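Notes follow once the structure below has been shown.
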Amino acid sequence: MTLVRFAPSPTGLLHVGNARTAVVNWLFARKQGGRFFLRIDDTDTERSRPEYEEAIIADLDWLGLRHDLFARQAERAAAHEKAAEKLKASGRLYPAYETADELDRRRKRQIALHKPPVYDRAALALSADDRARLEAEGRRPHWRFKLSQTKVKWRDLIRGAVEIDTAHLSDPVLIREDGRFLYTLPSVADDIDFAVTHIIRGEDHVTNTAAQIEIFEALGTTVPAFAHFPLLIGAGGEALSKRLGSLSLREIREGGIEPLALASYLAKTGTSDPVALRPSLDVLAQEFDFARIGRAPAHFDPAELAGLNARLLHGLDYEAVAARLDALGIDGGAAFWEAVKPNLARFSDVADLWTLVAGPVVPVIENAAEAARAASLLPPEPWDESTWGAWTKSVGAATGAKGRALFHPLRLALTGREHGPELKKLLPLIGRARASARLRGETA
Ligand code: GLU
């Protein structure tokens, strides 16, 4: 059965780039009838924080991406140790004693000699005596994975045939000298233990994949399928990483973006489909196809996202928002929602528009006598959407004003604003008492 994993590190809030990884994994799993595994990559104990883990879970929940499996890497140390022991036993994980300074000097020398700055494997030549001597000096080893120095090939579900010659890579450090694991091995060990079938992530991991495929093989398991998608870039082509702070899901959500607008955007950007609002995550899943993901970077444009969000709000039925309106203390019912929804850029704008109905509105009166005359022409209730037309017709007949000269002063008096929702829909909600008061210049 298809099992994908989303593996964020709880060292910060999720940003749009992470969210796209989550969306793509989730949609693929859904389409396959598979499962979505949320793995918290908290091996970096210095930077990982429980509050970030909570935030990640809350943000995924908000997006609608529920997980079927959950694990924390910090709780799986025994499994990681076991994998490390296996690699040590087969000679693929070896101790090295160079300090960071020594490695740095060696790298600089290689660069000066126009050689690739690849670790020279000096540690492999150490005898047992050498190691004992170094440890007696107080050095602790870090542990490197011995790459095969051959061509690692895989058929990437997005990039097609990929080939990476691991002879050009440094043997990756899997365990630090303080005994803590870096990301590479725990990731593979967990992918194996949970039987992950597809690893779907950004193309910044392509080189890791070559080393990780070798680790899967060294541990004697089948290698999962891989898909690496191009990273998100800003609308103007700039790297997003510089501004990721302002692109956290938290901020996007607090900025009033609806989860489905964001999910639609992230599912479609960088694909051959238009960036368009889709009705549900299930529809997005049905439409998901690796073949539609291009090789060029995907754009993330907050203005385009805001446009999708507005379109989503404009299409929502009252039933879909009744509870949210209730929670804001807005009791204008379906009539209010239908009146204001075309004016919304984000849902929270309803609170401000509700004041046009419930008040207080400070009217703007351009001509007090004419406004009072218009007030006197207000028909008796009950009012409906035809009231505005009938009333303004009679006001026009009485004053001789037409067009903007007729309507604009009435809008200013009734709402205190230059622009706003359609008055034929708003007027019955405002009601006769408040309309009359506002036309007479009273705050109501
Ligand atoms: N924790 C890693 C990251 O956030 C996971 C990468 C992966 O998907 O393997 O980059």
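If you go through the range 146-193 and keep only what is under 25 Å from the mean Cα position of the chain (by Cα), more than 12 Å from the ligand (Cβ to nearest atom) and among the acidic types (Asp, Glu), you end up with just ASP156. Here ASP59 clears all of (1) acidic (Asp, Glu); (2) within 30 Å of ILE252 (Cβ to Cβ); (3) free of Cβ contacts under 8 Å to residues at least 60 places away in the same chain except the condition numbered (3). Condition check for VAL196 on (1) assigned to a helix (DSSP H, G or I); (2) among the aliphatic types (A, V, I, L, M); (3) closer than 23 Å to ILE293 by Cα; (4) within 12 Å of the ligand (Cβ to nearest atom): one failure, at (1).
Figure legend. Inter-residue proximity from the range 202-216: first residues under 17 Å from LEU93 (Cβ atoms) and away from the ligand (no atom under 12 Å from the Cβ), second residues outside any helix (DSSP H, G or I) and small (Gly, Ala, Ser), beta-carbon distance below 6 Å, spacing 6+ or different chains. Indicated pairs: GLU214/SER148.
Before we move on, is VAL152 surrounded by 15 or more Cβ atoms within 10 Å (Cβ to Cβ), in contact with a Lys or Arg (Cβ under 9 Å, 6 or more places away or on another chain) and β-branched (Val, Ile, Thr)? In short, no. Kindly indicate whether any position in the range 164-181 is more than 17 Å from ALA79 (Cα to Cα), touching a helix residue (DSSP H, G or I) at 6+ places or on another chain (Cβ under 8 Å) and charged (D, E, K, R). Scanning the range 164-181, I find no residue that is more than 17 Å from ALA79 (Cα to Cα), touching a helix residue (DSSP H, G or I) at 6+ places or on another chain (Cβ under 8 Å) and charged (D, E, K, R), so the answer is no.
Within the range 119-144, the residues that satisfy the criterion of being under 20 Å from HIS168 (Cα atoms) and buried (at least 16 other Cβ atoms within 10 Å of the Cβ) are TYR119, ASP120, ALA123, TRP143, ARG144.
Checking ALA296, ALA291, ALA320, ALA303 one by one, the residue that is outside any helix (DSSP H, G or I) and surrounded by fewer than 13 Cβ atoms within 10 Å (Cβ to Cβ) is ALA296 and no other. Every test in (1) buried (at least 19 other Cβ atoms within 10 Å of the Cβ); (2) within 27 Å of LEU344 (Cβ to Cβ); (3) out of contact with any Ser or Thr (no Cβ under 7 Å at 6 or more places or on another chain) is passed by PRO428 save one, and that test is (3).
Scan the range 219-226 and give yes if some residue there is modelled with pLDDT under 95 and more than 12 Å from the ligand (Cβ to nearest atom), otherwise no.
Step one: of the range 219-226, the residues modelled with pLDDT under 95 are none.
So far as the range 219-226 goes, no, none of its residues is modelled with pLDDT under 95 and more than 12 Å from the ligand (Cβ to nearest atom).
Restricting attention to the range 1-45, the residues that are within 12 Å of the ligand (Cβ to nearest atom), of a type in the set (Val, Ile, Thr) and more than 22 Å from ALA79 (Cα to Cα) add up to 3.
Any residue at all in the range 50-57 that's assigned to a helix (DSSP H, G or I), among the acidic types (Asp, Glu), in contact with a Pro (Cβ under 9 Å, 6 or more places away or on another chain) and within 14 Å of the ligand (Cβ to nearest atom)?
To start, the set of residues in the range 50-57 that are assigned to a helix (DSSP H, G or I) comprises 50-57.
Narrowing further to those that are among the acidic types (Asp, Glu): 51, 53-54.
Then drop every residue that is not in contact with a Pro (Cβ under 9 Å, 6 or more places away or on another chain), which leaves 51, 53-54.
Checking the rest, the ones that are also within 14 Å of the ligand (Cβ to nearest atom) come to 53.
Yes; the residues of the range 50-57 include at least one that is assigned to a helix (DSSP H, G or I), among the acidic types (Asp, Glu), in contact with a Pro (Cβ under 9 Å, 6 or more places away or on another chain) and within 14 Å of the ligand (Cβ to nearest atom).
Of the listed requirements (1) closer than 30 Å to THR21 by Cα; (2) free of Cβ contacts under 8 Å to residues at least 60 places away in the same chain; (3) among the aliphatic types (A, V, I, L, M), LEU157 misses just one: (2).
Of the set (1) more than 21 Å from LEU93 (Cβ to Cβ); (2) touching a strand residue (DSSP E or B) at 6+ places or on another chain (Cβ under 9 Å), all apply to THR150 but (1).
Residues in the range 10-43 that are assigned to a loop (DSSP other than H, G, I, E, B), touching a residue at least 40 places away in the same chain (Cβ under 8 Å) and out of contact with any helix residue (DSSP H, G or I) (no Cβ under 7 Å at 6 or more places or on another chain): 1 in all.
Scan the range 221-229 and tell me whether some residue there is assigned to a helix (DSSP H, G or I) and in contact (Cβ under 8 Å) with a residue 40 or more places away in the chain. Before the answer, list the steps.
Taking the range 221-229 first, the residues assigned to a helix (DSSP H, G or I) are none.
The answer is no; no qualifying residue exists.
Anything in the range 91-116 that is surrounded by 12 or more Cβ atoms within 10 Å (Cβ to Cβ) and either in contact (Cβ under 8 Å) with a residue 24 or more places away in the chain or at positive phi (or both)? List them, or say none. Residues satisfying the conditions are ARG92, LEU93, TYR94, PRO95, ALA96, TYR97, GLU98.
Looking at PHE70, PHE28 in this structure, which one is in contact with a strand residue (DSSP E or B) (Cβ under 8 Å, 6 or more places away or on another chain) and buried (at least 19 other Cβ atoms within 10 Å of the Cβ)?
Working: PHE70 fails: buried (at least 19 other Cβ atoms within 10 Å of the Cβ).
Exactly one residue qualifies, and that residue is PHE28.
Among the residues of the range 331-375, those identified as without any contact (Cβ under 8 Å) to a residue 40 or more places away in the chain and hydrophobic (A, V, I, L, M, F, W, C) are ALA334, TRP337, LEU344, VAL350, ALA351, TRP354, ALA358, ALA369. Residue by residue through the range 291-330, note down the ones that are touching a Pro at 6+ places or on another chain (Cβ under 8 Å) and over 19 Å from LEU281 (Cα atoms). Result: GLY294, ARG295, ALA296, PRO297, ALA298. Would you say PHE216 is of a type in the set (Phe, Trp, Tyr), surrounded by 20 or more Cβ atoms within 10 Å (Cβ to Cβ) and touching a Pro at 6+ places or on another chain (Cβ under 8 Å)? Answer is no for this residue.
The values are calculated or read from the model by the stated rules, or taken from the named source; none is laboratory data. Model, not experiment: these values are computed from the prediction. Positions of Cβ are generated from backbone atoms using ideal geometry, with glycine treated the same way; all protein chains shown enter the neighbour counts.
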